[in-house]
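Below is one structure; the comments refer to it alone.
The values are calculated or read from the model by the stated rules, or taken from the named source; none is laboratory data. The structure presented is a predicted model; accordingly, all values stated were derived computationally and were not measured. Here the Cβ positions follow ideal geometry from the backbone for every residue, glycine too, while neighbour counts run over all protein chains shown. Note: areas computed on protein heavy atoms with side chains; ligands, DNA, RNA excluded. Shrake-Rupley method; radii C 1.70, N 1.55, O 1.52, S 1.80 Å.
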Amino acid sequence: RQRLPVWLGDGMSPEQISARLRFEKAQTVVSHEWIYRFLVKDKQAGGTLYKLLSRVSKTYRKRYGSHDRRGSISNRVPISERPKAANERERLGDWEGDTVHGKGGNLVTLVDRKSRYLCAYPVKRRTRRQVTRAINVLLKPHATHTLTLDNGKEFSGHEHIAKKSLCNVYFADPYSLWQRGTNENTNGLLRRFFPKGSDFSKLTTRQVYQAVAKINLRPRKCLGW
């Protein structure tokens, strides 16, 4: 019970907490139903633990023409040409990329399709130069085979990324968020720490890395906890 606020504050769900306790063969193992019941009782007693529950589901609304007005990207390679190994998550080093926007700044985010490992880096503006540099910085320590991006003009430096980071870059089809679902879902987790409307103008790299570490340390059901 003493560690429950810490786990919930780190973004872990009751199901993740219960599964991780079983995985680590802890002395005391409780079900996720028990945790939910405990949170209900705590709320009825005036407690606020329930407010720590992660709520990252998001309803997407189709955007009409917003990306098209940002201009076309030359020499883009469509996702239909991405190799089977990347499509089926057979190896490490197949990444998905995007940006998360805030007031006065942005985050460039990359997620490995197989391990779900997240990387993020703050940039002041969504320019080709700043985003390209951020992606190359993030990819430098890691295995790289492919990178899949959306059609934002900030990714027009894809050829430099391919050359610098030794990977093949592909672009998802317009309005097809599910083609980069791993990145989209992980950005939703990141929004727990940096909600929409947050001021990014003074956001430090250390603050971003701390949030990323908490996300990467969460047990994942798809990875056997």
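Tabulated data for the structure shown
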| quantity | calculated |
| --- | --- |
| Selection from 171, 49, 134, by position along the positive dipole direction of the chain (Cβ) | 49 |
| Amide H contacts under 5 Å for residue 77, placed H, 5+ residues apart | 171 |
| Between segment 113-161 and segment 182-196, the alpha-carbon center distance in angstrom | 16 Å |
| For residue 222, solvent-accessible area (1.4 Å; no DNA, RNA or ligand), Å² | 80 Å² |
| Difference of contour (0.36 nm per residue) and Cα-Cα distance, residue 199 to residue 42 | 53.3 nm |
| Computed FRET value (nearest 0.05) for residue 84 with residue 175, which takes r as the C-beta separation and R₀ as 25 Å | 0.55 |
| Scaled radius of gyration (Cα, divided by 2.2 N^0.38 Å) that segment 68-115 gives | 1.47 |
| Anisotropy class of segment 83-225 from Cα gyration tensor, a/c 1.5 cut | oblate |
| Cα long-axis angle, helix 181-193 against the chain (0 to 90 degrees, to the nearest 10) | 60 degrees |
| Rounded to 10°, Cα long-axis angle of helix 32-44 versus longest principal axis of the chain | 70 degrees |
| By accessible area with a 1.4 Å probe, ligands and nucleic acids excluded, highest first: order of 220, 89 | 89, 220 |
| Cα-Cα pairs of segment 63-163 separated by more than 21 Å (percent) | 33 percent |
| Accessible-area value, residue 6, 1.4 Å probe, nucleic acids and ligands omitted, Å² | 90 Å² |
| 7, 178, ranked by accessible area, largest first (probe 1.4 Å) | 178, 7 |
| Computed label-point distance, nm, for sites residue 222 and residue 140 using a 7 Å Cα→Cβ extension | 2.9 nm |
| Only Lys, Arg (+1) and Asp, Glu (-1) charged, at Cβ; the chain dipole about Cα centre in debye | 600 debye |
| Other-chain or far-sequence residues with amide H under 5 Å of residue 123's (modelled H) | 106, 107, 108 |
| Segment 146-225 shape via C-alpha gyration tensor axes, a/c threshold 1.5 | prolate |
| Accessible area (Å², 1.4 Å probe, nearest 10) - residue 4 | 10 Å² |
| Accessible area in square angstrom per residue, the chain, 1.4 angstrom probe | 58 Å² |
| Carbon/sulfur fraction of accessible area - the chain, other protein chains in place, 1.4 Å, % | 50 percent |
| Distance between segment 198-214 and segment 12-38 - C-alpha centres, whole angstrom | 29 Å |
| For the chain: relative contact order, % (alpha-carbon pairs under 8 angstrom, 6 or more apart) | 23 percent |
| Subset of 103/202; 51/103; 124/214 violating a 21 Å alpha-carbon distance limit | 51/103; 124/214 |
| Estimated inter-spin distance, residue 75 and residue 15, nm [label 7 Å along Cα→Cβ] | 4.4 nm |
